[in-house]
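**Q** Here it is, the structure in full.
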Amino acid sequence: MSHMVFSHIVQKRFSQAKEDVATDALVYILRSSASACNGMMKLLRGIIPELPELRFETQQTEGSIRPDMWGFADARPCVYVENKFWAGLTDNQPVSYLRQLAAYPHQTALLVIAPAAREQALWRELNHRLEADCISASLRTAGSAVPCSVDTQLGPVLALTSWASVLSVLEHECSDDASARGNLVQLRVLCEAADADAFAPISRAEVSDQRTPAFVLQLSTIVQSAVDLAITEKVLHVGGLRPQASWERIGRYVRVSGESSRGAGAWFGIHFALWKAHGTTPLWLIFDDGDFGRGQEVRQLIEPWAMQNGILIATSGRGVAIAMEIPEGEEKDGVNRSLVNDFKAVAAVLEALPQQPANTSSLEDSAETSI
């Protein structure tokens, strides 16, 4: 009887991060099953059709970079694979990886694998980092297994897919390989566990890290000061409305409107659940459904605007949540100005809302208003 994948992996790296364990598990499966390796090659050839057969290694180091997986043709690196669950990108990702791949004389690719729920936010962040380094990229035709990919100015392809897509491809290819199917089931369970909201043991380092409360307090200051500036510039109004906090969010109710009395009521602040789910920003502007938030009406106007401007929106109950991104590297005044400009842009869109009867605009009768 062959050893199952986790008897191999747990002995080697039991105490390491889930990303590392998943990487070791994936490489073990690719090495131990020709069918699984064929499936991985089919997926990768959807990115680079002329790829030769590859062998896969874990966490080799090249200069200052250490991709999770390497795909080698003989001694030639052809593909880097970076496996993510919920950890953020490092300073080297993706630009330093792409620059290293560009040094090779043949066609190369960087493939990022992440949870399906994180694909949109992570793809936005990867592209933002290309733009920050003035690296142009052209969109490629999306594939079923690899929905996001670009040809970069540097030469290598940057691509993103999900764990679910990778595992589905491998499972399909391993239909006649019972051992590989069993190992893939275990890897899928690991991926699902990484996505679950199970309680994670808390370390002493996490408890004593004062940067966490300092950052949350800084975010709270941003919420307050951005709202104050927006009130001064008459884009937000808070008359009769109060701050509001719950287990998953800290912020306040506001009314968003521009020159006219048209507009809608919203909640603005730090939303931990949306922050965790999407990763783009801790700050969200949420229009709930009902007379105050007018979520369904707002959604009809906001969705096309958001798509046109590359703004992330999410569903919040029957309402809509707009990601309010914090500009990187800005001082407090710059952050406040950026957020107020975003409020103004939203308010301009909401000018198309029909005017409400006066007796439907009070939050106090329709929403929770106490801290």
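The values are calculated or read from the model by the stated rules, or taken from the named source; none is laboratory data. Treat the numbers as computed from the prediction; the structure is a model and nothing was measured. Virtual Cβ from ideal backbone geometry, glycine too; neighbours counted across all protein chains shown.
**Q** Can Ala117 be described as under 12 Å from the mean Cα position of the chain (by Cα), farther than 22 Å from Ile48 by Cβ, surrounded by fewer than 23 Cβ atoms within 10 Å (Cβ to Cβ) and not assigned by TED's automatic domain parsing to the domain that holds Thr280?
**A** yes
**Q** Please work out which residue is farthest from the chain's Cα centre (by Cα), limiting yourself to the range 313-368 and to residues that are crowded, with 16+ Cβ neighbours inside 10 Å and at pLDDT below 80.
**A** For the range 313-368, the residue satisfying everything is Gln356.
**Q** Right, something else. Name the pairs: first residue in the range 83-98 and in the same structural domain as Gln59 (by TED's automatic domain parsing) and closer than 23 Å to Leu190 by Cα, second residue of a type outside the set (Phe, Trp, Tyr) and assigned to a loop (DSSP other than H, G, I, E, B), Cβ to Cβ under 8 Å, at least 6 apart or on different chains?
**A** Asn83/Asp68; Lys84/Pro115; Phe85/Pro115; Trp86/Pro115; Trp86/Gly279; Ala87/Ala17; Gly88/Gly279
**Q** List the strands (runs of 3 or more DSSP E) that sit entirely inside the range 237-309 and contain at least 3 residues that are touching a residue at least 60 places away in the same chain (Cβ under 8 Å).
**A** In the range 237-309, the matching strands (runs of 3 or more DSSP E) lie at 243-245, 249-256.
**Q** Take the range 116-132 and flag every residue that is in contact with a Lys or Arg (Cβ under 9 Å, 6 or more places away or on another chain) and either among the hydrophobic types (A, V, I, L, M, F, W, C) or at pLDDT 95 or above (or both).
**A** Within the range 116-132, Leu122 is the sole residue that qualifies.
**Q** Kindly indicate whether Trp247 is touching a Pro at 6+ places or on another chain (Cβ under 6 Å) and modelled with pLDDT under 95.
**A** Spelling it out, it is not the case that Trp247 is touching a Pro at 6+ places or on another chain (Cβ under 6 Å) and modelled with pLDDT under 95.
**Q** It is to be established whether one or more residues within the range 220-237 are in contact with a strand residue (DSSP E or B) (Cβ under 8 Å, 6 or more places away or on another chain) and more than 22 Å from Pro282 (Cβ to Cβ).
**A** Within the range 220-237, one or more residues are in contact with a strand residue (DSSP E or B) (Cβ under 8 Å, 6 or more places away or on another chain) and more than 22 Å from Pro282 (Cβ to Cβ).
**Q** Moving on to the next point. Quick check: anything in the range 50-63 in contact with a Cys (Cβ under 7 Å, 6 or more places away or on another chain) and touching a residue at least 12 places away in the same chain (Cβ under 8 Å)?
**A** Within the range 50-63, one or more residues are in contact with a Cys (Cβ under 7 Å, 6 or more places away or on another chain) and touching a residue at least 12 places away in the same chain (Cβ under 8 Å).
Residue by residue, here is whether (1) buried (at least 21 other Cβ atoms within 10 Å of the Cβ); (2) not aliphatic (A, V, I, L, M) holds:
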residue: Ile29; (1), (2): yes, no
residue: Ser35; (1), (2): no, yes
residue: Asn38; (1), (2): no, yes
residue: Met41; (1), (2): no, no
residue: Leu44; (1), (2): yes, no
residue: Leu51; (1), (2): no, no
residue: Phe56; (1), (2): no, yes
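Yes or no, residue by residue, for (1) surrounded by 14 or more Cβ atoms within 10 Å (Cβ to Cβ); (2) closer than 19 Å to Ser316 by Cβ; (3) under 27 Å from the mean Cα position of the chain (by Cα):
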residue: Ser225; (1), (2), (3): yes, no, yes
residue: Thr232; (1), (2), (3): no, no, no
residue: Leu241; (1), (2), (3): yes, yes, no
residue: Gln244; (1), (2), (3): yes, yes, yes
residue: Gly269; (1), (2), (3): yes, yes, yes
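**Q** What tally of residues in the range 171-205 results from selecting those that are of a type in the set (Asp, Glu), within 23 Å of Ala145 (Cβ to Cβ), loosely packed, with under 15 Cβ neighbours inside 10 Å and modelled with pLDDT under 90?
**A** Total satisfying the criteria: 1.
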